[in-house]
Amino acid sequence: MRKHRTLIKSAFSTALGVGAAVLLSGAAQAADLSLKGKKIGVAVVGTQHFWDREAFNGALDMVKELGGEPVPVDGGRDNQVHADNHDILLSNKVDAVISILGDGAVEPKFEALKGAGIPVFTVDHLSPHGVNNTTSDNYYMGTTIGRYMADAIGGKGKVAVFNAFEGALRICGIRAGLWKYVLQDYPGIEIIQPELAEEFANAPEDARKKTLDLLNQYPEGTLDAIHVGCWDQPAIGVVQALEEAGRTDVKVTALDGGPDTLEIMAEDGSPFVANVAQQPRLIGQTAAMNAARHFAGESLLPQTFVDVRPVNGPEEAKAVYEELGYGTL
Amino acid sequence: MTLPVEHILEMQGISKAFPGVQALDKTDLFVRKGSIHGLVGENGAGKSTIIKVLAGIYTRDEGTVSINGAACDALAPAVVHEAGVRFIHQELHLVPYFTVAESVFMGQEQHGVLGLAGRRMRRRAEQFLKESLNCELDGKALIRTLSPAEKKLVQIARALIDDKARLVIFDEPTAPLASGETEQVFKAIRRLKERGISMIYVSHYLGEITDLCDEVTVFRNGATVAQLNRVDANSTQTIIHNMVGRDIDALYPEKKHSDGARMFSVSALGDNSRFFNVDLNISAGEVLGVAGLIGSGREEFIDTLYGLRRAEAGDMQFDGRELKLKSPADAVANGIVLVPRDRRNDGLVLNMSVGDNINLASLDEVAWARMEKRGLSLKRANELSEQIDIRPRNPKAITRFLSGGNQQKVVLARWLATQSKLFILDEPTVGVDIGAKVEIYQLIKELAANGAAVIVSSSDPQEMLGLCHRIMVMYRGEVVEDTPIDAIDFDSLLALSTSGARVASTA
Amino acid sequence: MSGTNSVSRPALFSAGALFSAAPLIIFIVLLIYLGISAPNLTDPATINLILKQSVPTVVVCLGLATVVVAGGDDVVSGGIDLSIPATAIICAGILADQLTNHGSPLWSAIALAAVAAVTMGVLNAVLVVAIGMTPLLATLASSVAAVGVTKVITSSRRINVDHPFVIYIRDANVAGVPSAVLIAAVFVLLFCFAVHRTRWGMQLQAVGGSRDAAEVSGIKTSSLVAQSFFIAALAGFLASFFVLARGSGSTPGSEENLLLEMVLATFLGAAFSPRRIVTVWGAVLGAVLVTALSVGFKSIGVNVFWTGCIKGTLILIVVASAAYSGRAQS
């Protein structure tokens, strides 16, 4: 067992090397990069969830590290409030805005900021009005989780999907769309219609209730997996519901791989079998550095991709948990 | 209809029955044009029934009505209003944050091209109050800043502002007023008379009736028993005779009062608004009656005795100790027992069982370490309900389904269980049938015989006279009489309650 | 007889009056504090921003104020309509779904949304007037139902809208003032006139002031109360366009914030009125101030959860003070 784990660790050290290289090159450049004297607005949709909070704090810390003055605004997990917060940043006359997540409601705000000559650096939100979008490799996330899920149910069966944001957020469109793309090659897999729609706020509890209803509708043997199309918070509620109903034969897959879901995956006999972990803190830091690069006159590519860690099974969950600095399981 | 019009209103042979009650029995009411017509009678004599028949709220069973010489077969609120009849209800029905002008024009607001004609309405309201009601008020003043009498005048102005009123019915217009304020309302009423408006004036205050009215109709038991075409100061006696006209039956237990120790006393108690400077003394074993019309301050005074209202002046002594009450709970903690007037709201938890209601005030005695001992409490409830004959004799019965008399007995049983020394019974027999009344009187007698002091507040003069050892009478916030029972009779009690002074006794 | 001196007129500045003005005082203190710590709060641009952000709240407040005027301002038994934000959301959902997912013309989308609003108004009126439910419970129930239907219509998903009409409301300026603010101002004037300057409005106020008084004055009280719920639904319908414009689409869950701000603003507005009663213009002023407060807090970097906490506390104070002055009057 132990040997196996070491093996995995070493396998990951290569990947870690890549991530570290990015980080190191960032740190190396940080010496010349500076946001000194700049007011940088940092808008986040909410700070309740690990991912959002980490990306937010990563950006704030890096802005401070680079000598800038961060102006934080928090949408309280309400996309409308998040969008409106950009107006406040505009009236506060910040020099740049780092905007984390958000749905279509922020687009006109980005446009207004751009119109006022304030560059916008987005995180996980590709926008025509932004200078650059820092994000995980969503294409890789979508296809990988598709393959893992298909493997977990032996290439055939019925799958339910929580997919509220495919149409609203481009990153979710990529992740869910590519997951479906992969499943096209498994004709034995059927996606249950209609798809489920999770709530944005209070997602775990909402998903728990919806899963319980789903389980009533699809008795034992007629449902093989539940996938959460764009993130991992609803999966917490999904696993709870499966355990309550004694239906842990149903496999669960999701994306993001925050510490809370990695912990669930690491439990013995967990129905939560596959995930793709992101590095939200690094993403936030990278966005702040991109802002500094922009002010240094560098021209940025439209998107900066930050590495992800595929997680297949409990052992990999433990390994990634440790590797991303969340502690030991 | 070519008869020479002498009467503004003729109601002849009006009958109205409700299930089990003949509320009006071939009753007559004639109101001469341009007069103020007093309508008197005891509670339940049929005054409000005939007013409601006139208003079109009740349909008469038989009889004829003609208003201003025109026969009205079907009376409906709209028809009556159209005929120029207006009602001034006892309740003010005003919005405290409306202005005088807004209140006067409520329901008949005047409109200009650009919205409400605020200034026009204000001027008109001020003018009407001044010219028709003899009252100078600012149209912009808020109702809540007015005195009770001014509010009453605003209410009257609202009914009359359209200048189409020919007959106005006043129902107890001075009930909420202190004595100094009534004159302002009287002046307004006299001014209306000068302007040719006829009025019916319903009141318990016989002094006002003789002061104000040109003629009087007396009702008793749903029938017209007297019509006085001329009224002077001596009419009071005639009116009282006609109002009562029945014998006091032997409903009440024999009174025995052994002079006990001073139990409870109150001196110079007042709340600076509804009652003033009230003294009260009661000894152990005594039953003291507090009489007075609604609005006389009696209710507020009684409420103060058990802590529901705060006294602003005076003090109370109970069992030799000074008493300061902040709440009814305080009163109970001091061993004072109250049987409230509205027992369905204040006295009983209607959805609880009879047994639980009985034990509510003495839970400590049936509880062990704050846990109720179910068996003991049921046993006690059983004993008590037997003692005072609550039917059904089942402590588990839900209180809501008991009759009024039995509900009242549940309240009394509860307090019997507390072994208290001072009982305050507020209208103890309202809504109680005659059989239960006798039992309640018996119970009150037993309480006194066992050494408790009992204060009974009641609006039923017969009950007072039959039950109490001593009676005090309140009139317009003050005590006008405090006398042993053998020094007062029915007529003087009624006179004291209705006019504040005794008339020459007929006894 | 000592009755003559019992005529008492309430003092102008009593403890009670002070208590009922407490929300106002706290608000002014907060705004002064924010004005000092966030100097750009008084910029014309920021004021424009505050006005623009407050528009959806202002418009739903018009509806709530009308219902409270007609039903009385007792927080529990008086008039209240918690379903106005839900009406706004269901209308916004229908508009978004029709315009974006079905490609319907604007007029047919508006017609469908109007049907939904009318249904909400009739439902509330029937529940409260015909069946006799407490407005608080009735409108809470209809609100939950409307949010549920909205989720069905939108599949609980965000729907982007880029119809030129919506974009016009969102982006256009007329003489430097956002078009949304101007349109809302027209609605505000209409409601103010109807409720405070017409015969109908006076009778509405009379019903809210005392149902009995209105009845004995020959006013058709039930009909007016029913109308007030209908008008509230109309306000929700009007608000839906601003909700849609602000979010460039419909987003599930946006009714919650709107509800909170609507209740806070409307009852806060009572503190501005000399008579301490809910008025249309008071509610509008309240809505703008509540938005100013939110913007101000964010400008000085107060954590969003603290803002929520402060808003909640303010609602508590406002409602408690309304209840207190209600008790003092009775």
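The values are calculated or read from the model by the stated rules, or taken from the named source; none is laboratory data. Computed from a prediction, not measured in an experiment: that's the story for all the values here. Note that each Cβ is placed from the backbone with ideal geometry, even for glycine, and that neighbours are counted across all protein chains shown. We work out accessible area using only protein heavy atoms, side chains counted, and drop any ligands, DNA or RNA first. Shrake-Rupley method; radii C 1.70, N 1.55, O 1.52, S 1.80 Å.
Less than 12 Å Cβ to Cβ from A:Asn85, Lys/Arg counted +1 and Asp/Glu -1: what total charge do the surrounding residues give?
On the way: positive: A:Lys109, C:Lys298; negative: A:Asp74, A:Asp78, A:Asp84, A:Asp87.
The answer is -2.
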Worksheet entry | Sparsely packed GluC sites (Glu not before Pro) within segment B:1-51, loop by DSSP, other Cβ within 10 Å at most 14 | B:Glu6
Practice prompt. Search the structure for amide H atoms under 5 Å from the amide H of A:Ile189, placed 1.01 Å from N in the peptide plane, and list their residues when 5 or more places away or on another chain.
Written response: A:Gly157
Fill in: Among A:Ala254, A:Ala317, A:Ala201, residue whose mean-square fluctuation peaks in a GNM of chain A (springs only between Cα atoms under 10 Å)
A:Ala201
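Could you rank A:Asp185, A:Asp206 by how accessible they are, 1.4 Å probe, largest area first? Write down the numbers at each step before the final one.
Numbers: A:Asp185 120, A:Asp206 20 Å².
Ranked list, largest accessible area first: A:Asp185, A:Asp206.
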Practice prompt. Could you run the Karplus curve 6.51 cos²θ - 1.76 cosθ + 1.60 with θ = phi - 60° over segment A:134-151 and give me ³J(HN,Hα) per residue in whole Hz, x for Gly and Pro?
Written response: 9, 7, 6, 6, 5, 5, 5, 4, x, 6, 4, 5, x, 5, 4, 5, 4, 4
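Order the following by accessible area, largest value first: B:Arg144, C:Arg158. Probe radius 1.4 Å; ligands, DNA and RNA are ignored. Can you show the working numbers first?
Numbers: B:Arg144 70, C:Arg158 20 Å².
In descending accessible area the options line up as B:Arg144, C:Arg158.
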Practice prompt. Using only Cα atoms, figure out Rg for segment B:73-178 and give it as a multiple of 2.2 N^0.38 Å.
Written response: 1.09
Worksheet item: In this model, which of B:Lys324/B:Lys437; B:Lys324/B:Lys421; B:Lys16/B:Lys193; B:Lys52/B:Lys152 are farther than 26 Å apart at the alpha-carbon?
Response: B:Lys324/B:Lys437; B:Lys16/B:Lys193
Worksheet item: Could you work out the helix-only [θ] at 222 nm for chain B, with each DSSP H run of four or more residues adding -39,500 (n - 2.57) and the total divided by the number of residues, to the nearest 500 deg cm²/dmol?
Response: -9500 deg cm²/dmol
Worksheet item: Can you list the aspartates and glutamates whose alpha carbon sits under 17 Å from that of A:Lys318, skipping same-chain ones fewer than 8 residues off?
Response: A:Asp232, A:Asp256, A:Asp260, A:Glu263, A:Glu267, A:Asp268
Worksheet, complete the sentence: Under Stokes-Einstein, the protein assembly as shown at 25 °C and 0.890 mPa s, with its Kirkwood radius over C-alpha pairs, diffuses with a coefficient in µm²/s of 68 µm²/s
Fill in: chain C, helix-only ellipticity at 222 nm - DSSP H runs n ≥ 4, -39,500 (n - 2.57), divided by all residues, nearest 500
-23500 deg cm²/dmol
Worksheet entry | Exposure of A:Val63 as accessible area (Å², to 10), given a probe of 1.4 Å and all protein chains | 0 Å²
Fill in: A:Asn216/A:Leu300 FRET efficiency (R0 45 Å; Cβ-Cβ; nearest 0.05)
0.35
Discussion item. Suppose a student asked you for the relative contact order of chain C, using Cα pairs under 8 Å spaced at least 6 residues apart; what percent would you report?
Written reply: 32 percent
Worksheet item: Pick from C:Ile131, C:Ile84, C:Ile169: which residue has the top mean-square fluctuation in a GNM of chain C where Cα pairs under 10 Å get a spring?
Response: C:Ile131
Discussion item. Using the Karplus curve 6.51 cos²θ - 1.76 cosθ + 1.60 with θ = phi - 60°, what ³J(HN,Hα) values do you get for each residue of segment C:45-54, in whole Hz, with x for Gly and Pro?
Written reply: 5, 5, 5, 4, 4, 4, 4, 5, 5, 7
Worksheet item: Which log10 I(q)/I(0) values, to two decimals, does chain C give at q = 0.10, 0.11, 0.13, 0.16 Å⁻¹ under the Debye formula with one point per Cα?
Response: -0.58, -0.70, -0.97, -1.40
Worksheet, complete the sentence: A correct Stokes-Einstein calculation for chain B, using the alpha-carbon Kirkwood radius, 10 °C and 1.306 mPa s, returns a whole-number D in µm² s⁻¹ of 63 µm²/s
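Could you rank A:Met141, B:Met352 by how accessible they are, 1.4 Å probe, largest area first?
Working: A:Met141 0, B:Met352 55 Å².
From most exposed to least exposed: B:Met352, A:Met141.
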Discussion item. Check which residues have an amide H placed less than 5 Å from B:Phe87's amide H, if you skip close sequence neighbours.
Written reply: B:Ile169
Fill in: Per residue solvent-accessible surface (Å²) - chain B, probe of 1.4 Å
43 Å²
Fill in: trypsin sites (Lys or Arg not before Pro) restricted to segment B:23-85 and DSSP loop, no more than 16 other C-beta within 10 Å
B:Lys33
Discussion item. Can you divide the C-alpha Rg of segment B:142-204 by 2.2 N^0.38 Å and report the result to two decimal places?
Written reply: 1.09
Item to complete: Report B:Asp162's accessible area, 1.4 Å probe, all protein chains in place, as a number in Å² to the nearest 10.
Response: 40 Å²
Worksheet item: In a Debye calculation with equal point scatterers on the alpha-carbon sites of segment C:149-255 and no solvent, what is log10 I(q)/I(0) at q = 0.14 Å⁻¹?
Response: -0.73
Worksheet item: What accessible surface, in Å², does a 1.4 Å probe find on B:Asp171, ignoring ligands, DNA and RNA and rounding to the nearest 10?
Response: 60 Å²
Worksheet item: Taking a threshold of 24 Å on the Cα-Cα distance, which of the pairs A:Lys156/A:Lys251; A:Lys93/C:Lys52; A:Lys109/A:Lys180; B:Lys47/B:Lys130; A:Lys64/C:Lys311 fall above it?
Response: A:Lys109/A:Lys180; B:Lys47/B:Lys130; A:Lys64/C:Lys311
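Reported to two decimal places, what Rg/Rh ratio describes segment A:138-277 when computed on Cα atoms with Rh from the Kirkwood expression? Present the calculation step by step, with values, prior to reporting the outcome.
On the way: Rg = 13.3 Å, Rh = 14.5 Å.
Radius of gyration relative to Kirkwood radius: 0.92.
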Worksheet item: Do any trypsin sites (Lys or Arg not before Pro) in segment A:130-204 lie in a DSSP loop with no more than 13 other beta carbon atoms within 10 Å, and if so, which?
Response: A:Lys156
Practice prompt. In whole Hz, with x marking every Gly and Pro, tabulate ³J(HN,Hα) for segment C:163-169 from phi via Karplus 6.51 cos²θ - 1.76 cosθ + 1.60, θ = phi - 60°.
Written response: 5, x, 4, 5, 5, 4, 4
Discussion item. Under the rule of at least 5 residues apart or a separate chain, name every residue whose amide H is placed under 5 Å from the amide H of B:Gly41.
Written reply: B:Phe219
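Need one number: convex hull volume per residue for chain A, Cα atoms only, in Å³.
125 Å³
Can you give me the relative contact order of chain B as a percent, contacts being Cα pairs under 8 Å and 6 or more apart? Walk me through the numbers before you get to the answer.
Working: 1015 pairs, mean separation 72.6, N = 507.
14 percent.
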Worksheet item: GNM on chain C, C-alpha springs below 10 Å: top fluctuator among C:Gly63, C:Gly236, C:Gly308?
Response: C:Gly308
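Note down the relative contact order for segment B:7-244 as a percent, whole number, built from C-alpha pairs under 8 angstrom at least six residues apart.
Values: 466 pairs, mean separation 65.8, N = 238.
This gives 28 percent for segment B:7-244.
For every helix of n ≥ 4 consecutive DSSP H residues, a contribution of -39,500 (n - 2.57) applies; sum these over chain A, divide by its total residues, and give [θ] at 222 nm rounded to the nearest 500 deg cm²/dmol. Let's see the in-between values first.
On the way: 11 runs with 158 residues, N = 329.
Theoretical 222 nm ellipticity from helices: -15500 deg cm²/dmol.
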Fill in: 10 Å Cβ neighbours from other chains, averaged over peptide A:101-113
3
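Within 10 Å of each Cβ in peptide A:71-77, how many partner chain Cβ atoms are there on average? Round it to a whole number, please.
Working: counts 4, 4, 5, 7, 1, 6, 2.
Across the residues of A:71-77, the mean count of other-chain Cβ atoms within 10 Å is 4.
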